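The structure under discussion appears below in the form of structure tokens.
The values are calculated or read from the model by the stated rules, or taken from the named source; none is laboratory data. Quantities reported herein were computed from a predicted structural model and do not represent experimental measurements. Cβ placement follows ideal geometry from the backbone for every residue including glycine, while neighbour counts extend to all protein chains displayed. When the accessible area is computed, the model is the full protein with side chains, heavy atoms only, and any ligands, DNA or RNA have been set aside. Shrake-Rupley method; radii C 1.70, N 1.55, O 1.52, S 1.80 Å.
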Amino acid sequence: MKSSARNIELKSVDDLFATEESRADAQREKVQEIPLGELHPFRNHPFKVKNDAAMQDTVDSVREYGVLVPAIARPDPDGGYELIAGHRRHHASELAGKETMPVIVRDLDDDAATIIMVDSNLQREELLPSERAFAYKMKLEAIRHQGKRQELTSSQVGMKLQALDIVGQQAGDSRNQVHRFIRLTELIPELLDMVDERKI
């Protein structure tokens, strides 16, 4: 008769004497100082990081006070971390001569990371039409991939909300406006530049 003792898993002494508070603390997200060189941009990040007056203000602030709001990143299978939110802060930190920046590291799948990346950047006041267009497209694809369409219903009429409606509601645009922006992504780069420059 074989012994089942091999299947018994014993807790460590630390686990036995750990308090509920210390176990909960271990589960909380923590801000880490991560070297700038270990942070890589989000794949197909649609938002431009420009060296303009607003960036210079951010650089001056980072130089004087440091980065006040931590970035969000996820572990990169190829090493380091993929930035989800904080590309401008990362660039400002580089220009300010910093070596590290505060980051919250989360394990996120591609869809969740895309939605957080888009939502964190849509809050900015000055967005180019092309940035908004590609951001809406990426978020729409992520929501569709997650299957959110089937989960969310409108309480007023009981109809299922379409992904376009969800993107629009969360961004403060109508579904038609979201659709119009997404159609911009089909333009050739030269025409898209003209839209950004308000020439057409």
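Name the single residue that is surrounded by the most Cβ atoms within 10 Å (Cβ to Cβ) among those in region 98-120 being β-branched (Val, Ile, Thr) and touching a strand residue (DSSP E or B) at 6+ places or on another chain (Cβ under 6 Å). Filtering region 98-120 for residues that are β-branched (Val, Ile, Thr) and touching a strand residue (DSSP E or B) at 6+ places or on another chain (Cβ under 6 Å), the one surrounded by the most Cβ atoms within 10 Å (Cβ to Cβ) comes out as Val103.
For region 43-73, the set of residues classified as among the hydroxyl-bearing types (Ser, Thr, Tyr) and loosely packed, with under 11 Cβ neighbours inside 10 Å consists of Tyr65 only.
Of all residues in region 74-97, those satisfying the criterion of being in contact (Cβ under 8 Å) with a residue 40 or more places away in the chain and open to solvent by 70 Å² or more (accessible area, probe 1.4 Å) are Glu94, Leu95. The lone criterion from (1) without any contact (Cβ under 8 Å) to a residue 24 or more places away in the chain; (2) surrounded by 18 or more Cβ atoms within 10 Å (Cβ to Cβ); (3) not aromatic (Phe, Trp, Tyr) left unmet by Gln123 is number (2).
Give region 42-65 a look and list any residue that's of a type in the set (Asp, Glu) and not in a helix (DSSP H, G or I), or say none. Give the derivation first.
Step one: filter region 42-65 for residues of a type in the set (Asp, Glu), giving 52, 57, 60, 64.
The one that is of a type in the set (Asp, Glu) and not in a helix (DSSP H, G or I): Asp52.
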